[in-house]
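Taken together, the values in this text are just the output of simple stated rules run on the coordinates, not laboratory data. These numbers were taken from a predicted model, which means no experiment stands behind them. Counting neighbours? That spans all protein chains shown, and the Cβs are built from the backbone with ideal geometry, glycine included.
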Amino acid sequence: MRRASLTAGIKAGSSSDRSARRRRFSLTHHCNHHSSPLLIMPNLHLSRRIQHALTGLILLVVSHILSPFPTGFILLSLATAAFYHVHRKRTYDEDWDQWYLEQFGPLLREHEKGEWEGVNVADNNGSTSNTQTNRDDAPPTTYKKRRRRKTIPALPGAYYFLVGTALSTLFFSTKVARTSLLVLSIADPMAGLVGVCFTKTLGCNITWKRLFRIGAGGPSLAGSIACAITTIFCTYVYITSTDDTSIISGDGNSVSLSLASRCCVGIVAALAEALGGRNFPLIGAVVDDNLLIPLAVGCMVEWLGE
């Protein structure tokens, strides 16, 4: 009798578990179909992309208050040096690293965070040897827990952002430098947003690797097109058109572009965004796109400008 009641209880419990699993599956299925696409796309990295755009726009506003060169270049160089110092210190100081991650962790990519691990280090009269001695009068070996780097964090994209902006103010005229910074601020995050949205929402995005049948992943075709189109629009903010009669002849700081030239600048910006920060079999690692984009755009505008 007792065995029969126990068997009935087990069956009832199994039945209730199956019912609970069915309810959870139904709820999950319902949420996946009715939730907003932005809520189920963890790869958007909105906070990082918003910070990226706001940083560039703030620097653009400052460039209208302070002279981009030499004042802007000096300030950007000092900020870059300070940024590098903080990064170097956090690579070997865990307290600094913890503070850094608390402040900027949500804005970092995984390879920019790094990891720590605990290790046992022998601590017997200052010795760091792991060898045990067989002498009877020798003191027992004791171990002390220490922390060391498991993976070294890469320099964040913000560092290359500052370097690219500083070099733009050094090498290019004011309008060209501002255009390069505007493209970096708007077109670069736009490429990522469009690429993720097409992949997660429509499921029909095609990456460049897949297009050329060399693998999967990497930059997307939709993101590159969005980057090129955004770049074309950005060039109209500071760069006049070749048919604009308001251009003052002899002004060394004036530059103009035709529509075809703007399209070429857009294509180069898209290529820089797609290639930056990636490894390739023949050429190796390419510099970060935050450094490559402003320099590539600035060079193209200076070359094609009239």
Spin-label pair Leu193/Trp96, simplified geometry with 7 Å Cα→Cβ offset, distance in nm: 3.5
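Would you mind ranking Cys264, Cys227 by Cβ crowding within 10 Å, fewest neighbours first?
Cys264, Cys227
Can you figure out the FRET efficiency of Phe280 with Glu110, using R₀ = 25 Å and their beta-carbon distance, to the nearest 0.05? The partial results should precede the final answer.
Numbers: r = 21 Å, r/R0 = 0.84.
My answer for the efficiency is 0.75.
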Global geometry of segment 154-200, whether rounded, prolate or oblate, following the gyration tensor of its Cα atoms and the 1.5 cut on a/c: oblate
Spin-label model distance (nm) - Ser258 vs Val62, 7 Å beyond Cα toward Cβ: 3.8
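Sorted from fewest to most neighbouring beta carbons within 10 Å, what does the list Glu273, Glu110 look like? Don't skip to the end; give the middle numbers.
Working: Glu273 29, Glu110 10.
If I rank by nearby Cβ atoms, fewest first, I get Glu110, Glu273.
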Leu275, Leu291 arranged by Cβ crowding within 10 Å, fewest neighbours leading: Leu275, Leu291
